[in-house]
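Readers should treat all values here as calculations from the given coordinates under stated rules, not as data from a laboratory. Given the structure is predicted, the values throughout are model-derived calculations rather than measurements. So basically every Cβ, Gly included, is an ideal-geometry build from the backbone, and we count neighbours across all protein chains shown.
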Amino acid sequence: MAFTLPTETYAGKVYEVTIGTDNPVTFGGEGVLPFHSFEGPIPHRPVIAYEIQDVPPDDWPETVRRPFESCSGDPVSWAKYCQDELKAQAIALRLIGTHPDRENRTPEEAAKTVSDVLGAINVPLIILGSNNPEKDSQVLVAASEAAKGRNCVIGKAQESNHKTIVAAAMANNHKLIAMSELDINLSKQLNILITQMGFDKERLITDPMCSALGYGIEYSYSVMERIRLAALTQNDAIMQPPMVGDIGFYVWKVKEAQASESDLPQWGSLEQRAIAWEATTAAALMLSGAELLIMRHPEAVKALNRFIDELI
Amino acid sequence: MALSGVEIFKLLPKTNCKKCGHPTCLAFAMKLAQRQVSLDLCPDVSEEARQKLGEASAPPIRPVTIGSGDRTIKMGEETVLFRHEKRFINPCAFAVEIKDTLPEGEVSRVVQEVLGSEIDRVGQRLRIDAILINNTSGDGKRLEDTVSAVYGMAPQVPLIIATNNPTSAEAALNIAKDGKPLLYGANETNFEAMAKVAKELQIPLGVSANGLEALSALTEKLKAAGVQDMVIDSGARTAKEILRDNTCIRRAAIKKGLKPLGYPIITFAQREDAMLETLIATLAVAKYSSIVVLSSVEKWKSLVLFTLRQNIYTDPQVPMQVEQKIYKIGEPGADSPFMITTNFSLTYFIVSGEIENSKVPARLAVMDSEGLSVLTAWAAGKFTASKIAAFIQESGIEKELSKKELILPGYVAILSGAIEDKLPGWKITVGPREANQIPAFLKGRN
């Protein structure tokens with residue numbers, strides 16, 4: 001019996017999304033399951049964005065604070081370091097200092113940070129709020145305006161605050177991250193709500209919510225797989241935006257990324273364990289469908305890039 | 001190809017005798033089609049039907065075991081491509097490679113690493129499952145020496161003996177055959193002799209070929225030669241090849257019922273770069289490998305891979321649970337906060353993580369709610385005032401506390417009055433609804 005490779009054909013395709021203006025990057029665009037280059041073309045590599053924030057990273061664990069010690073005092077030098085020294089393809093600026101429980105910075109202050117960072121870099125910028133839905137609906141509006149014309153990604157619009165954020169992203173011609181919590185139906189519902197406001201689904205990026213290795217990654221993994229299967233096999237257009245994995249934010253707060261080897265000798269080297277925790281979380285979610293990965297540690301990014309080199 | 005329930009029904013005696021424990025033959029046939037019962041339950045099935053059904057009802061991926069005793073590694077029996085459809089059955093095994101060119105001291109160091117690799121995570125004992133001894137030297141004597149050294153130190157650890165020389169294989173296997181090792185293995189040129197060795201010693205055989213077509217042809221030849229238990233290697237070594245071949249093997253076996261590829265897969269993930277090796281192993285865990293061979297087993301790498309394997313192989317329908325008890329976070333004193341939540345593992349991880357982030361030492365009571373999260377458990381009647389009160393009372397925790405105060409998750413604020421009624425002398429405080437508000441909440445109390 002002659003053997004034929006059991007390949008499949010898919011009805012749908014993931015939208016291709018381009019971000020930035022001077023040195024734009026593009027992700028998505030494939031009509032096959034992640035890295036199934038034996039079934040069809042994979043036009044773009046996943047894009048890895050370095051995460052920085054508007055306030056110094058005092059809340060980051062030592063292992064991931066150290067590589068940025070020389071530059072993380074202010075977001076502009078931090079962004080330039082990522083672009084120039086680490087050759088970042090994109091930068092994700094998290095406006096965590098606007099959170100009411102933190103520095104409680106105003107939307108105007110956030111907008112100024114965004115303008116300053118954009119003035120210093122020419123790679124694409126992803127602008128993230130502090131994940132306080134109420135505050136984000138003011139902060140991200142101001143940030144969208146400050147970034148007008150730079151084709152940024154604004155995130156994250158959630159069900160409770162999407163209206164103002166969608167309107168601001170639309171008015172200022174940005175891309176938008178739509179985040180729901182680990183449920184394919186909620187994700188679909190939010191994408192529908194957003195497109196009903198007149199926002200193009202081709203400009204959306206879906207965030208089904210990241211979870212770190214050991215802390216619910218299996219939920220993120222399976223929701224992403226299901227969304228991608230719906231996009232490809234059922235040709236469900238509303239599920240066809242590319243997906244983002246907000247990796248670093250979730251990884252660097254877990255115990256395995258912080259506990260010292262002297263406290264837990266059976267866990268081995270903290271440095272390598274923590275880096276591997278971030279790289280593995282990213283790799284697993286990339287295999288289940290994420291095309292845009294937001295990460296922190298330069299060594300984790302390097303490892304993931306080497307992995308992508310082998311996969312492509 | 002799998003048969004439908006109706007097709008199976010046609011082959012059954014149709015007597016509705018109930019001896020199988022099912023009300024009708026049709027009901028039994030339906031269960032058979034879903035592979036939930038064994039045909040052996042039917043005492044009256046004809047030999048012809050048994051043969052037909054046996055072929056069809058055999059799992060699409062043959063179950064194969066290596067090792068013996070409580071460290072036996074079970075592989076195969078998988079039924080789906082995506083874990084949301086149904087649980088992945090047999091978690092992949094991690095094996096570390098020991099080359100027979102290694103100096104003796106190094107060999108024993110690696111064996112000790114394997115023996116010391118066991119850790120406990122969410123109630124499961126996790127460890128490096130096997131050792132692959134590679135006949136890198138090409139010398140039969142060195143292979144024998146290394147096998148006897150390893151087997152002498154750790155007879156309980158399942159072995160994979162990797163050589164393509166049947167004579168060396170036989171000599172080495174004779175040392176360790178009681179441990180039921182895997183022989184890896186057979187290829188185009190040596191398969192007849194290897195088949196003979198595997199049959200004689202009744203051990204499973206690893207089979208390697210270049211590509212899926214050659215591989216399926218070779219497993220057919222081995223099957224014809226009487227070898228049943230095989231573990232297959234398509235020659236895939238790069239990440240791209242591993243993803244392609246493993247996906248195609250799993251699909252061919254499950255969706256096309258292709259028996260020649262219906263065997264567990266062995267994947268060689270070794271890289272010079274330990275971080276990259278971890279990611280290649282990540283791919284192998286997520287994408288269908290049954291044995292993942294590593295070049296080294298540093299503790300950090302093992303922890304990452306054990307955790308990933310546990311996550312990927314979790315039953316998507318059954319939430320992971322942690323043990324009901326009162327956990328200490330930091331070093332709580334008599335006046336430290338005392339909080340309660342449910343035993344859904346994610347709830348526990350997130351709540352305990354946020355308490356840790358707050359740097360405020362505390363006690364966290366984790367109550368058995370059958371693995372449901374707080375709101376779901378409350379709605380399902382598993383996290384009620386009387387159950388909480390009973391748990392707190394039976395725990396005897398009040399002896400350790402200077403003031404009897406319990407912090408309740410904000411989502412079940414509604415229970416605070418009822419708990420106060422049932423726990424006389426206790427003050428019930430309503431805490432935050434979301435775990436990420438815990439640090440601000442705890443710091444605000446100080």
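For region A:230-288 and region B:218-259, compute the distance between their C-alpha centroids and round to whole Å. Rounded to whole Å, the Cα centres lie 30 Å apart. Annotation: extensible slack from B:Lys399 through B:Gln317 equals 25.6 nm (criterion: 0.36 nm per residue apart, minus Cα-Cα distance). Each residue, A:Thr233 and A:Ala120, gets one label point 7 Å from its Cα in the Cβ direction; the gap between the two is 4.7 nm. Dividing the convex hull volume of the alpha-carbon atoms in region A:45-311 by its residue count gives 119 Å³ per residue.
Checking the Cα-Cα distances for B:Lys399/B:Lys443; B:Lys14/B:Lys221; A:Lys253/B:Lys99; B:Lys199/B:Lys259; A:Lys188/B:Lys299 against a 31 Å cut-off, the pairs over it are B:Lys14/B:Lys221; A:Lys253/B:Lys99; A:Lys188/B:Lys299.
Computed extension length for A:Ser262-A:Asp309: 13.4 nm, one decimal, from 0.36 nm per residue of separation with the Cα-Cα distance subtracted. Per the helix-only calculation at 222 nm, which mean residue ellipticity applies to chain A, given -39500 (n - 2.57) for every DSSP H run of n ≥ 4 and division by its residues, nearest 500 deg cm²/dmol? When only DSSP H runs of four or more count, the value is -11500 deg cm²/dmol.
Look at the alpha carbon pairs under 8 Å that are at least 6 residues apart: their mean separation over the length of chain A gives a relative contact order of 20 percent.
Once the C-beta distance of A:Leu86 and B:Ala440 is scaled by a Förster radius of 30 Å, the resulting FRET efficiency is 0.35 to the nearest 0.05.
From the largest down, region A:83-234 spans 43, 36, 32 angstrom on the principal axes of its Cα atoms.
Mean partner shielding of peptide A:273-280, defined as the number of other chain Cβ atoms within 10 Å of each residue Cβ, is 6.
By DSSP, what percent of the beta bridges with both residues in chain B are antiparallel, rounded to the nearest 5? Could the numbers behind the result be given before it?
Values: 12 of 49 bridges.
Given both bridge residues lie in chain B, the antiparallel proportion sits at roughly 25 percent.
Is there a simple number for the mean count of other chain Cβ atoms within 10 Å of the Cβ of residues in B:296-307, and what is it? It would help to have the intermediate numbers written out before the result.
Details: counts 0, 1, 5, 9, 13, 6, 4, 10, 14, 3, 1, 8.
Per residue, the number of nearby Cβ atoms from other chains is 6 on average.
Applying a DSSP loop filter and a limit of 10 other Cβ atoms within 10 Å to the GluC sites (Glu not before Pro) in region B:259-329 leaves B:Glu272.
What average number of partner chain Cβ atoms lie no more than 10 Å from the Cβ of the residues making up B:238-244?
Average per residue, whole number: 6.
Using a 7 Å offset from Cα along Cα-Cβ at A:Asn23, what residues in region A:114-129 end up with backbone N under 11 Å from the label point? Answer for region A:114-129: A:121-124.
According to the Cα gyration tensor, what semi-axes, each the square root of 5 times an eigenvalue, does the equivalent ellipsoid of region A:74-162 have, listed from largest to smallest in whole Å? Kindly include the intermediate steps, with their values, before the conclusion.
Details: eigenvalues 94, 36, 25 Å².
Those come to 22, 13, 11 Å.
Just so you know, the Cα atoms of region B:64-312 work out to an Rg and Dmax of 16.8, 49 Å. A viscosity of 1.567 mPa s and a temperature of 4 °C, combined with the Kirkwood radius over Cα pairs in Stokes-Einstein, give a translational diffusion coefficient for region B:318-439 of 92 µm²/s. Residues within the reach of a label modelled at A:Asp74 (point 7 angstrom out along Cα to beta-carbon, backbone nitrogen below 20 Å), restricted to region A:114-135, are A:114-123. Sequence-distant contacts, meaning Cα pairs under 8 Å at least 6 residues apart, place the relative contact order of chain B at 12 percent.
Computed from label points 7 Å out along Cα-Cβ, the spacing between B:Asp178 and B:Glu420 is 6.8 nm.
Arranged from highest to lowest average of other beta-carbon atoms within 10 Å per residue, in what order do the peptides B:428-437, B:333-342 appear? Intermediate values should be presented prior to the final figure.
Numbers: B:428-437: 17.2, B:333-342: 20.1.
Ranked by mean Cβ neighbours within 10 Å, highest first: B:333-342, B:428-437.
For region B:161-184, the residues whose backbone nitrogen is under 16 Å from a point 7 Å from the Cα of B:Ser148, taken along Cα to Cβ, are B:168-178.
About the Cα centre, and with charges only on the beta carbon of Lys, Arg (+1) and Asp, Glu (-1), how big is the dipole of chain A? Nearest 20 debye, please. Don't skip to the end; give the middle numbers.
Values: 27 positive and 41 negative charges, 109 e Å.
For chain A, the charge dipole is close to 520 debye.
Sorting the Cα pairs of chain B by distance into bins of 20 Å, from 0 upward, gives 22, 41, 30, 7, 0 percent per bin.
Please label the shape of region B:1-111 as rounded, prolate or oblate, based on the square roots a ≥ b ≥ c of the eigenvalues of the alpha-carbon gyration tensor (a/c under 1.5 means rounded; beyond that, a/b larger than b/c means prolate, else oblate). Because a/c hits 1.5 or more and a/b exceeds b/c, region B:1-111 counts as prolate.
Can you compute the FRET efficiency between B:Asn190 and B:Asp70 using 1/(1 + (r/R0)^6), with r the Cβ-Cβ distance and R0 = 25 Å? Round to the nearest 0.05.
Working: r = 33 Å, r/R0 = 1.33.
The computed FRET efficiency comes out at 0.15.
Here is how the number arises for chain B: DSSP H runs of 4 or more residues each give -39500 (n - 2.57), the sum is divided by the residue count, and the result at 222 nm is -12000 deg cm²/dmol.
Whole-Å semi-axes of the protein assembly as shown's equivalent ellipsoid, largest first, each the root of 5 times a Cα gyration tensor eigenvalue?
Details: eigenvalues 419, 203, 167 Å².
One finds semi-axes of 46, 32, 29 Å for the protein assembly as shown.
Spin-label pair B:Ala380-A:Gln189: with each label point 7 Å from Cα along the Cα-Cβ axis, the two points sit 2.0 nm from one another.
Say R0 is 22 Å: what FRET efficiency, to the nearest 0.05, do B:Glu85 and A:Ala11 get from their beta-carbon distance?
Details: r = 19 Å, r/R0 = 0.88.
Efficiency, from the Cβ-Cβ distance: 0.70.
Extension gain for A:Lys112-A:Thr4 works out to 33.0 nm (0.36 nm per residue, less the C-alpha to C-alpha distance).
Here region A:228-273 was treated as a single set of alpha-carbon atoms; its pair distances binned every 5 Å from 0 give 5, 19, 15, 10, 9, 8, 9, 10, 9, 5, 0 percent.
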